[in-house]
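S.K.: First, the structure itself, so that you have it in front of you.
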């Protein structure tokens, strides 16, 4: 066991992390092209769904899945199956054969396997080959998660497709990415809930602080003004046209959380975790992001996972009189209103701003050098 732990710590995990870094670099450089391929695939599926719904052969669609075919992967075919479930939870067999080639992801995993085997031999075969292979095949997530990232990133374009908008959806609908036939290993990347709580009920539900209750949720059209939401976990939740004015979210986890066209004036976002949060087109006048953490490409060695794929998106948002004192944030501020926005002591490495805002934003020379200034 001591030798096995030494082998993992000094050989297997460093090799994995090196391959994840290579995969991450490839994804960041090519994510737009990757997303285009995914959007095309969803377009094909949605058109087929629409035809079957028109023929009365398919009821309202409750979910779409992009599922890793583990058996095929182990046979050297890194494929995901794009399929759907209707409101009865049944998969429609006639349109469940759309496959996505994920070779761009799993080529790095295959290289990792090969390098681990070479390292194993240096241990004079004291590490069992079969045991190593079993362990490696359980460690797919750091590679598979790039499929989750890619589909989540592509959803902006997918939701704009006429084919996607025209299919009949169940009152609760979502898109998920995971492993085929395993509901435990699947992650929601987009959710629609047409059965929304009233403002009073929703506010009470949130302030009841139920653990893990709000992750991935779709919260739309409600008035949550002056709410107490400190320290809550809203990872990958989607707030749509919600009024959160004057609320307190200090210390909340907002990993990948979206605020779509929301009113967030004077909201307290201090000390929040903001990796990949999205505030586009929202009103954040007077909001406080002091001490918030939302950088780009933060790597957790122990798990082989990157956080901050896209940075924090503020395009088109009103940040007039907002505060980012001592925050560490890689924000896309292009097109945002930045009148008297306070960046005192903020680390803006990886941020983007329009060149025309350069003279209007009060930044130190070091901060200006850390920002990418775009024409416009």
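The values are calculated or read from the model by the stated rules, or taken from the named source; none is laboratory data. As the structure is a computational prediction, the values presented were derived from the model and not from experiment. Quick reminder, even Gly has a Cβ in these numbers, built from the backbone with ideal geometry, and neighbours come from all protein chains shown.
S.K.: With respect to residue 281, is the statement that it is over 16 Å from residue 331 (Cα atoms), part of a loop (DSSP other than H, G, I, E, B) and either in contact with a helix residue (DSSP H, G or I) (Cβ under 6 Å, 6 or more places away or on another chain) or at pLDDT 95 or above (or both) true?
M.R.: Judged against the criteria, residue 281 is not a match.
S.K.: Name every residue in the stretch 208-227 that is on the phi < 0 side of the Ramachandran plot and surrounded by fewer than 14 Cβ atoms within 10 Å (Cβ to Cβ), in order of residue number.
M.R.: 208, 210, 211, 213
S.K.: To continue, here is another question. On the basis of being more than 26 Å from the chain's Cα centre (by Cα) and surrounded by 14 or more Cβ atoms within 10 Å (Cβ to Cβ), does residue 4 make the cut?
M.R.: For residue 4, the condition - more than 26 Å from the chain's Cα centre (by Cα) and surrounded by 14 or more Cβ atoms within 10 Å (Cβ to Cβ) - is met.
S.K.: Just to check your reading of the model, which residue among 263, 296 is more than 16 Å from residue 252 (Cα to Cα), surrounded by 18 or more Cβ atoms within 10 Å (Cβ to Cβ) and touching a strand residue (DSSP E or B) at 6+ places or on another chain (Cβ under 6 Å)?
M.R.: Going through 263, 296 in turn, the sole match is 263.
S.K.: If you don't mind, there's one more thing I want to ask. Looking at 68, 58, which one is farther than 25 Å from residue 153 by Cα, buried (at least 21 other Cβ atoms within 10 Å of the Cβ) and in the same structural domain as residue 179 (by TED's automatic domain parsing)?
M.R.: Residue meeting the stated conditions: 58.
S.K.: Quick one: is residue 269 crowded, with 16+ Cβ neighbours inside 10 Å, within 22 Å of the chain's Cα centre (by Cα) and in the same structural domain as residue 54 (by TED's automatic domain parsing)?
M.R.: When the stated conditions are applied, residue 269 does not pass them.
S.K.: Let me ask something else. Tell me whether the stretch 308-315 contains one or more residues that are farther than 28 Å from residue 375 by Cα and in contact (Cβ under 8 Å) with a residue 12 or more places away in the chain.
M.R.: no
S.K.: Among (1) touching a residue at least 60 places away in the same chain (Cβ under 8 Å); (2) more than 30 Å from residue 194 (Cα to Cα), where does residue 50 come up short?
M.R.: (2)
S.K.: Any idea which of 138, 121 is surrounded by fewer than 14 Cβ atoms within 10 Å (Cβ to Cβ), modelled with pLDDT under 90 and within 19 Å of residue 18 (Cβ to Cβ)?
M.R.: Going through 138, 121 in turn, just one is surrounded by fewer than 14 Cβ atoms within 10 Å (Cβ to Cβ), modelled with pLDDT under 90 and within 19 Å of residue 18 (Cβ to Cβ): 121.
S.K.: With the condition kept exactly as written, say whether any residue in the stretch 239-255 is buried (at least 23 other Cβ atoms within 10 Å of the Cβ) and within 14 Å of the chain's Cα centre (by Cα).
M.R.: So far as the stretch 239-255 goes, yes, one or more of its residues are buried (at least 23 other Cβ atoms within 10 Å of the Cβ) and within 14 Å of the chain's Cα centre (by Cα).
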